[in-house]
Amino acid sequence: MRIGDIEIDVVSGGKFWLDGGGMFGVIPRPLWTRHFTPDDLGRIHLDTNCLLIRTGDELVLVDTGNGTKLSEKEQKIFGLEPDDTLLANLAEKGVRAEEVTTVLLSHLHMDHCGGASHAEGGEVVASFPRARFVVQRQEWEDALLNRSHMRISYRAENLEPLQRSGRLELLDGETEVAPGVRVHVTGGHTRAHHCVCVESQGETAVYLGDICPTPAHFRGPYTMAFDMEPYHSMLVKTDLLRQAAEQGWVIAFDHEPERKLVRVRREGDQFEAIPV
């Protein structure tokens, strides 16, 4: 779709299975299973939706999925399919890795930055040879020191190739990274998690990242168990959804397997996803 002069598309970084309880935190299973049906292992089927933004001379890719570097055991745990990868799905849309000018990472958990690099010739290299890799400075520092209650989410094999590329760019707060594309730091999920705002000719689309990963998370308390500050996530999410409803924003979800782009309708203190 188009947001003013800017073209946006959603490309999958690969579908995966994740523990349903982890996705909904304190929400009891009988409530969250109204939205997702778990398998025998309690996992629900999700996607890693990456946003592809064409603006001016820039081709911006927001987030990159899990990638292909996980061990065989981990691939089985997350139900990854070897042919369902970001690079393969970009190729299906006629996009070559060399065309991407900016890889913009909402945060550095493995399901968001793993696809930014891959193994090649016995070493791990950046997957986008011409792109700069953009992330918040605080997020980068937290990732290097593994400041998280999820010890396996920040991984050196995902970080080192970006640093070695010489094209890592660290931000300090809200920044316009390309014409009409800016980041807004939300915190909550990680200390420096940011969402991505696309604005052109009075229209707006917002990629919420893990502040609101699916429409099932529209209710305030429906936050992820993986959030560092779930109460803060709830407050920020509610404020963003209120603005989306009032101003007619398009919302893009990072893990929703079906309704990837929606608008928001508000009735009282409740929000509803409206198909675009």
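Residue-by-condition table, conditions (1) surrounded by 20 or more Cβ atoms within 10 Å (Cβ to Cβ); (2) under 14 Å from the mean Cα position of the chain (by Cα); (3) assigned to a strand (DSSP E or B); (4) on the phi > 0 side of the Ramachandran plot:
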residue: HIS184; (1), (2), (3), (4): no, yes, yes, no
residue: VAL198; (1), (2), (3), (4): yes, no, yes, no
residue: ASP210; (1), (2), (3), (4): yes, yes, no, no
residue: ALA216; (1), (2), (3), (4): yes, no, no, no
residue: ALA225; (1), (2), (3), (4): no, no, no, no
residue: MET228; (1), (2), (3), (4): no, no, no, no
residue: SER233; (1), (2), (3), (4): yes, no, no, no
residue: ARG263; (1), (2), (3), (4): no, no, yes, no
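Could you tell me whether any residue of region 21-43 is modelled with pLDDT of 95 or more, part of a helix (DSSP H, G or I) and either within 16 Å of the chain's Cα centre (by Cα) or within 25 Å of GLN201 (Cα to Cα) (or both)? Step through it out loud before you land on a result.
Narrowing region 21-43 to residues modelled with pLDDT of 95 or more: 21-43.
Now restrict to residues that are part of a helix (DSSP H, G or I): 21-24, 29-32.
Filter once more, keeping what is either within 16 Å of the chain's Cα centre (by Cα) or within 25 Å of GLN201 (Cα to Cα) (or both): 23.
Yes, there is a match, as at least one residue in region 21-43 is modelled with pLDDT of 95 or more, part of a helix (DSSP H, G or I) and either within 16 Å of the chain's Cα centre (by Cα) or within 25 Å of GLN201 (Cα to Cα) (or both).
What number of residues within region 71-105 satisfy the criterion of being in contact (Cβ under 8 Å) with a residue 40 or more places away in the chain, polar (S, T, N, Q) and out of contact with any Ser or Thr (no Cβ under 9 Å at 6 or more places or on another chain)?
Final tally of qualifying residues: 2.
Scan region 68-89 for residues that are assigned to a helix (DSSP H, G or I) and either more than 16 Å from the chain's Cα centre (by Cα) or surrounded by fewer than 24 Cβ atoms within 10 Å (Cβ to Cβ) (or both) and report the count. If you could, list the steps in order and put the result at the bottom.
Residues of region 68-89 that are assigned to a helix (DSSP H, G or I), as a first pass: 72-77, 86-89.
This time we only want the ones that are either more than 16 Å from the chain's Cα centre (by Cα) or surrounded by fewer than 24 Cβ atoms within 10 Å (Cβ to Cβ) (or both), so: 72-77, 87-89.
The total comes to 9.
For region 167-179, which residues satisfy the criterion of being touching a residue at least 40 places away in the same chain (Cβ under 8 Å) and either surrounded by 23 or more Cβ atoms within 10 Å (Cβ to Cβ) or of a type outside the set (Gly, Ala, Ser) (or both)? Don't jump to the end; show me each part of the working.
Keep residues of region 167-179 that are touching a residue at least 40 places away in the same chain (Cβ under 8 Å), which gives 167, 177-179.
Answer for region 167-179, where residues must be touching a residue at least 40 places away in the same chain (Cβ under 8 Å) and either surrounded by 23 or more Cβ atoms within 10 Å (Cβ to Cβ) or of a type outside the set (Gly, Ala, Ser) (or both): ARG167, VAL177, PRO179.
Only one of these conditions is not met by GLY65: (1) farther than 17 Å from VAL196 by Cα; (2) among the small types (Gly, Ala, Ser); (3) part of a loop (DSSP other than H, G, I, E, B). Which number is it?
It fails just one condition, (1).
The values are calculated or read from the model by the stated rules, or taken from the named source; none is laboratory data. Given the structure is predicted, the values throughout are model-derived calculations rather than measurements. No Cβ is skipped: glycine too gets one built from the backbone with ideal geometry, and neighbour counts run over all protein chains shown.
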